[in-house]
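Trainee: Dropping a structure here in structure tokens format, bear with me for questions.
The values are calculated or read from the model by the stated rules, or taken from the named source; none is laboratory data. Keep in mind that this is a model prediction, so the values were computed, not measured. Cβ atoms come from the backbone with ideal geometry, glycine included; neighbour counts cover every protein chain shown.
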Amino acid sequence: MCAAAVAATVVGCGASGFEDGSGGETIGSGGQGGSGGQGGEDGGRRRARVGLPGCADAFTGDDGLCHPEVTSCAGDEVVDFGGGCRPAGIPGCAEVFRGEPDRLCHVTMQACPAGTFAVPAEGCVPIDGPSGCGEGKWGNLEDATGTIWVDAAAAPGGAGTRESPVATLAMALSLVADGGAIAIGAGTYDEPLRIDRPVTVAGRCASMVRITGVSTHDDVHSLVVEIDAPGEVTLKGVTVAGDGVGVQIWDGDVVIEDVVVDQARGVGIKVSDATASLRMVHGLVQGTRARLDGTEGQGIRVSLGGEATIEGSAVVAAHVGGVVASHEARVTLRNSLVEGTQGEPESGLHGHGIHAYQEGKVGVERSALVSNRQSSVDALGAGSRVLVSESVIEKTRPTALPGSEGQGVRASGGAEVRVHKAVVSENHGGGVVAEGPASRVKVEWSRIRDTQPVSFEGRPSYGAASFDGGVVDLVGTTVSNNHHHGLLVKGEGSTGFAMYSLFQGTRARESDGAWGHGAVVRDGGRAEFSASAFVANTAGIWVDGSDDMVLDQCLIEGTRGNAAGQNGFGLFAHASSGLVIRETAILSNQVAGALLVGAQGAISESLVRGVGAGDFKGWAGATGVHDAAEVGDGLLVRNGATASLVEVTDTEVAGAARAGVLFAGGGSLARALVRENRFGVVVQGGAMPVIAEDCAIRGNSEQDRVNGGTLPVP
């Protein structure tokens, strides 16, 4: 006999079998010779770990295995198998936005009173800035040398001094020198403002100074404020509220501070050339309307190589896109809110919070993208990129069009999106998605949670997905409590990667109890899961028509089945090849630890333990798969429309309610320990698997080996 195994270990003992350990943290490889033939207490045989490596004490169970649990962490934290919990989302979120009872950071204008706007780390910020409007006729306006003063109520013929102001913005601009300043008193100025030189234009405060006039630029665009001035231009302390583009920047380095752009037409702020840049601080762009033909309506649009940095600001209730970067433009959004973007009135399309296309690039830092339409982050086309870090993307809603979703993050047409330390929550239809060849979304140390179903039947929702050649790459990401699928990889060339990631609590479709998978790989998609966990989902991993699926040092545990007691399998593979499962723990599932129908692949150095009985519920159109009652097998391998061929080596199967290993198809079993099941190894249906002599099949309650079995199988 081999020496007694250490706790949570099963030690391989060559041809003579296995020593019965207490749990199965490691599986012994076989090797040549009999018990002890290699010398030493374990016969010189290698130990292979199973399950998640490098587990924190908080997640280590009595069996020595890693059992991560999402409820151990707060709603805006990520489960780190080796370190407990990591923060995600907006650091330093203002207390006014902390929701009850979840304490998540829910940044919204609804939390702020009139005259203020929502900024994630600052709370409700006054539109008039920290100093307010001040006292007296001019408030806090500075009286610098050369300043031209404007008062809408002034008598004609003023000199532009503080004591004798001019009455119009046009007159002030005609008097001010390059590098000078214009100070605007309280009032409504029903004239456009065209700045053609480097100056500072400062209003008393946004609540008391309104610019409402427009100039005609072309057949479809009117402009309220137009800036075409090489050099530095500052605009602050005003509300821009005319019936045209709010601020059009053609040229110049422009700073906009403590400004409200209210109900602009077509675009709120537009930056339209490589020689133009914008820095907006504590600005509010709200209610941008579509053009009269029903198109556009973006909050901030940067194009043609222009650049913009938006800090401590809010873009609210725009149309088509909240913040848009196109044609090689670059935009940075920092500590800001984009909320409530609507679809285009004419077509109903779009409504993106952030939209990058034609090689546009956007960085989103410590910001909130809330209640936008169709997708809160949308990157389209090769060369377009969006980087989201330490932010919240939540409650994206479908448009009014049939079949619409409300995805949190979307990359398509070869675009790339990276999401780092963010919370993607309560979106509709999809959390993050990559669609089309070369499209890629990489999510690192983030939380994707509570994706909601869309209203029309037959379309599954998902936490993360890749379609039609897209790639989704999850690192250290917690995917929890989503509807229908945690991860969906569908279509030829589509790829899903997950490392150090947790998929937990995926919910079934309410109408019939279908779906609820931790992950689905189908229709030619491929996936590789490394050191990742699938815990307490309605169904485990579903693989259908895939030629490449790898599980390496993973955990599949506690799959619970639907409300009717159906399914609950750890892994189901149908009509798939290239399955590789190694050093993986499949624990406490229902119906089957792994159910392989018409599948080809290999399972090695793994542990399958604790399978409860339950009913398998098939699905319409699946060739060779049907319902079956009271199934409870550790490994069930059977032929489907195509033959199965599964090689199982150096693996322990224990505690199954029915068969430890059931072959109704081709395959082999070598250097395996099959124990404490109802039946050990069952062969039926004319199958001819190869059962090696070095297997230890013993201690099963009714029979260790059954040839010619007749157990019902799915």
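Trainee: Scan segment 207-225 residue by residue and report those that are among the hydroxyl-bearing types (Ser, Thr, Tyr) and in a strand (DSSP E or B). Break it down into steps so the answer makes sense when it comes.
Mentor: Step one: of segment 207-225, the residues among the hydroxyl-bearing types (Ser, Thr, Tyr) are 207, 212, 215-216, 222.
Answer for segment 207-225, where residues must be among the hydroxyl-bearing types (Ser, Thr, Tyr) and in a strand (DSSP E or B): Ser215, Thr216, Ser222.
Yes/no matrix, rows are residues, columns are (1) at pLDDT 95 or above; (2) aliphatic (A, V, I, L, M):
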position: Arg204; (1), (2): yes, no
position: Met208; (1), (2): yes, yes
position: Ser222; (1), (2): no, no
position: Ile227; (1), (2): yes, yes
position: Ala241; (1), (2): yes, yes
position: Asp273; (1), (2): yes, no
position: Met280; (1), (2): yes, yes
position: Arg291; (1), (2): no, no
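Trainee: Need a quick list: strands (runs of 3 or more DSSP E) entirely within segment 386-462 having at least 3 residues that are on the phi > 0 side of the Ramachandran plot and surrounded by fewer than 22 Cβ atoms within 10 Å (Cβ to Cβ).
Mentor: In segment 386-462, there are no strands (runs of 3 or more DSSP E) which contain 3 or more residues that are on the phi > 0 side of the Ramachandran plot and surrounded by fewer than 22 Cβ atoms within 10 Å (Cβ to Cβ).
Trainee: Please work out if Arg385 is more than 17 Å from Gly463 (Cα to Cα), among the basic types (Lys, Arg) and touching a residue at least 12 places away in the same chain (Cβ under 8 Å).
Mentor: yes
Trainee: Do any strands (runs of 3 or more DSSP E) lying entirely in segment 627-700 carry at least 1 residues that are over 24 Å from Gly578 (Cα atoms) and either small (Gly, Ala, Ser) or at pLDDT 95 or above (or both), and which ones are they? Walk me through how you get there before you give the answer.
Mentor: Values: elements: 628-638, 645-649, 652-656, 659-664, 666-670, 673-675, 679-684, 696-698.
Output list reads 628-638, 652-656, 659-664, 673-675, 679-684, 696-698.
Trainee: Could you look through segment 634-691, keep only residues that are of a type in the set (A, V, I, L, M) and free of Cβ contacts under 8 Å to residues at least 24 places away in the same chain, and pick out the one that is nearest to Asp615 (Cα to Cα)?
Mentor: Met688
Trainee: Another question, if that's okay. Sort out which residues of segment 367-385 are closer than 13 Å to His350 by Cα and in a strand (DSSP E or B), and write them in order of number.
Mentor: Arg373, Ser375, Ser376, Val377, Asp378, Ala379, Leu380
Trainee: Which of the strands (runs of 3 or more DSSP E) found entirely inside segment 463-577 contain at least 1 residues meeting this: touching a Ser or Thr at 6+ places or on another chain (Cβ under 6 Å)?
Mentor: Values: elements: 471-475, 478-480, 485-490, 495-499, 502-504, 517-522, 526-530, 533-535, 539-544, 548-552, 555-557, 571-574.
Those strands (runs of 3 or more DSSP E) span 471-475, 485-490, 495-499, 502-504, 517-522, 526-530, 539-544, 548-552, 555-557.
Trainee: If you don't mind, another one. Where in segment 226-283 are the strands (runs of 3 or more DSSP E), entirely inside, with at least 2 residues that are buried (at least 20 other Cβ atoms within 10 Å of the Cβ) and more than 33 Å from the chain's Cα centre (by Cα)?
Mentor: Details: elements: 245-257, 260-262, 267-271, 276-281.
The strands (runs of 3 or more DSSP E) meeting that bar are 245-257.
Trainee: Anything in segment 298-332 that is β-branched (Val, Ile, Thr) and either in a strand (DSSP E or B) or more than 23 Å from the chain's Cα centre (by Cα) (or both)? List them, or say none.
Mentor: Ile300, Val302, Thr309, Ile310, Val315, Val316, Val323, Val324, Val331, Thr332
Trainee: Please indicate, with yes or no, whether at least one residue in segment 84-91 is part of a strand (DSSP E or B) and over 27 Å from the mean Cα position of the chain (by Cα).
Mentor: Scanning segment 84-91 turns up no residue that is part of a strand (DSSP E or B) and over 27 Å from the mean Cα position of the chain (by Cα).
Trainee: If you don't mind, there's one more thing I want to ask. Can you spot a residue in segment 195-218 that is surrounded by fewer than 17 Cβ atoms within 10 Å (Cβ to Cβ) and free of Cβ contacts under 8 Å to residues at least 24 places away in the same chain?
Mentor: yes
Trainee: Restricting to segment 354-385, and then to whatever is among the acidic types (Asp, Glu) and surrounded by fewer than 24 Cβ atoms within 10 Å (Cβ to Cβ), can you tell me which residue is nearest to Gly430 (Cα to Cα)?
Mentor: Here the residue is Glu365.
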